[in-house]
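Just so it is clear, none of the values below were taken in a lab; they were calculated from the coordinates. Because the structure is a prediction, the values reported are computed rather than measured. Glycine gets a Cβ as well: all are built from the backbone with ideal geometry, and neighbour counts include every protein chain shown.
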Amino acid sequence: MTEASIKQHDADDTSVSHPALRTGLYTAALLIVVLLGALVAANRIPALEPYALERNAISYSLFVMFMLIPIVRFWNRPLRMFGAGMIAWTLFSAAYDIAGMVFQNLFDALRHTPFMALTEGAVLYGVCSVVSWVCGMVIHARHHPMARRRKAGHHAALHAR
C-alpha cells in the first residue's frame, strides 16, 4: 500500500457514520427546542395568553412530528430506531428535568416527572420497534416459504397403495 492510500484508509475510518447516534442527537435538539419554546411562550410572553389553544396545538404538533423522526427514518431497522429514540428521549428528559428547576411547579402543572417522561418515551419507542420488527418478519415470511415443499409425486404414490 502506498502512503496516500494508507492516509485515505485512515481518513475513512475516522469519518465512520453512526446514523442512529446522529439522528438521536438531532431529534433531541429539536425536542428540546420545542420544549423550551413552549415553556417560554406559555410563561414569559403574556401577549400569547389569548391564543393558548393555538399555541399549545402548534407545540404539540411540532413535538409529535419531531418524535416521529427516528421511527420514520429507521422503520426497517428496529434496533437503530430504538437506539436513536432512546438517545433523543434521554436527552429530552434531562432537559425537562433542568427546565423543572427553572420553571417552578412545572412537574406539578404537567403531572409528569422526568422519570415518567423517560418511561413513556421508552415504552413508545419500544412498542414502535417491536411493531416494526414483527411487520418485517411477517413480510419476510410471506415472501419466503417456511418449510420445504414435498414432492407431490412421491407423497401421492405412498397414499395410492
Would you mind calculating the gained length between Ser61 and Leu36 on full extension (0.36 nm times residue separation, minus the Cα-Cα distance), in nm to one decimal? 7.5 nm
For His18, His140, which order do you get if you count the other beta carbons within 10 Å of each Cβ and list the fewest first? His140, His18
Relative contact order of region 17-160: what whole-number percent is it, with Cα pairs under 8 angstrom and at least 6 residues apart? 28 percent
When Met81, Met86, Met116 are ranked with the fewest other C-beta atoms within 10 Å first, the list becomes Met116, Met86, Met81
Under Karplus coefficients 6.51, -1.76 and 1.60, residue-wise ³J(HN,Hα) of region 30-39 in Hz, glycine/proline x: 5, 5, 5, 4, 5, 4, 5, x, 5, 5
Exposure-ranked with fewest Cβ neighbours within 10 Å first, Ile58, Ile69, Ile139 stand as Ile139, Ile58, Ile69
Expected vector for region 43-55, Karplus 3J(HN,Hα) from phi with 6.51, -1.76, 1.60 and θ = phi - 60°, integer Hz, x for Gly and Pro, equals 10, 10, 10, x, 5, 8, 4, x, 9, 4, 5, 5, 4
Bins of 5 Å from zero: percent of alpha-carbon pairs in region 17-160: 2, 9, 14, 16, 14, 10, 8, 6, 4, 3, 3, 3, 2, 2, 2, 1, 1, 0
How far, in nm, would the chain grow between Ile139 and Ile45 when pulled straight, counting 0.36 nm per residue and subtracting the alpha carbon separation? 28.8 nm
Tally Lys and Arg at +1 and Asp and Glu at -1 over the other residues with C-beta under 14 Å from the C-beta of Trp133: what net charge comes out? +2
